[in-house]
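Report on the following structure.
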Amino acid sequence: MDGIDQKLFEAAERVRENAHAPYSGFFVGAAILADDGKIYAGCNVENAAYPQGNCAEASAISAMLAGGGRRIKHILTTGPGTEPVTPCGGCRQRIREFADLDVNITCLGADGGEPLFTSLEQLLPHSFGPEFLGK
Ligand code: THU
């Protein structure tokens, strides 16, 4: 696909197959290029107690931190359908914790259609972040 980072795309698609999404049937994968040059991936993990589920982005951020990465340089999300799967509101805030406002965010629908190339600045305008707390 044109303009898509192939390594991130393949990592996100690979991990998407491992998603635990028996309730929604909506399998999502996310892959991060981190400041250490490595790629970290995660999938959504649902739970019979619905609110306890994790989004793919949250899983990928956990993998990044556990693996030694600290900052998100690029994050790609992919899921079913032809509409780009964009991070939910909560995940936009999670990304905010570990990325600059101009971070590359690529959102895909795995079944084709136009990708969305965006940034945190666009997805989460006027946002609250660590610097408000002096961090
Ligand atoms: N989901 C994600 O993992 N990431 C997104 O960007 C959107 C939604 C998951 C949460 C839930 O497991 C399923 O997709 C349906 O909302």
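The values are calculated or read from the model by the stated rules, or taken from the named source; none is laboratory data. These numbers come from a predicted model, not from an experiment. Here the Cβ positions follow ideal geometry from the backbone for every residue, glycine too, while neighbour counts run over all protein chains shown.
Can you find, within the stretch 114-124, the residue that is farthest from Val15 (Cα to Cα) among those that are within 15 Å of the ligand (Cβ to nearest atom) and part of a strand (DSSP E or B)?
So the residue we want is Thr118.
Can you tell me how many residues within the stretch 20-46 are surrounded by 23 or more Cβ atoms within 10 Å (Cβ to Cβ), more than 8 Å from the ligand (Cβ to nearest atom) and under 16 Å from Val85 (Cβ atoms)?
Total satisfying the criteria: 5.
Taking the criterion of being of a type in the set (Asp, Glu), closer than 18 Å to Asn18 by Cα and either at pLDDT below 95 or within 16 Å of the ligand (Cβ to nearest atom) (or both), would at least one residue in the stretch 53-60 satisfy it? Walk me through it before giving the result.
Filtering the stretch 53-60 for residues of a type in the set (Asp, Glu) gives 57.
Within this subset, residues satisfying the condition of being closer than 18 Å to Asn18 by Cα are 57.
Now restrict to residues that are either at pLDDT below 95 or within 16 Å of the ligand (Cβ to nearest atom) (or both): 57.
Yes: one or more hits.
Do any residues in the stretch 25-38 that are farther than 15 Å from Gly109 by Cβ have Cβ atoms under 6 Å from those of residues that are β-branched (Val, Ile, Thr) and within 16 Å of the ligand (Cβ to nearest atom), where the two are at least six apart or on different chains, and which pairs are they?
Ile32/Ile72; Ile32/Ile75
Conditions (1) at pLDDT 95 or above; (2) away from the ligand (no atom under 13 Å from the Cβ); (3) acidic (Asp, Glu); (4) closer than 16 Å to Ala99 by Cβ, marked per residue:
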site	(1), (2), (3), (4)
Ala48	yes, no, no, no
Leu65	yes, yes, no, yes
Gly68	yes, yes, no, no
Arg71	yes, yes, no, yes
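Only one of Glu57, Glu13, Glu17 is within 14 Å of the chain's Cα centre (by Cα) and either touching a residue at least 40 places away in the same chain (Cβ under 8 Å) or loosely packed, with under 15 Cβ neighbours inside 10 Å (or both); which? Show your work before the answer.
Numbers: Glu57 fails: either touching a residue at least 40 places away in the same chain (Cβ under 8 Å) or loosely packed, with under 15 Cβ neighbours inside 10 Å (or both); Glu17 fails: within 14 Å of the chain's Cα centre (by Cα).
It is Glu13.
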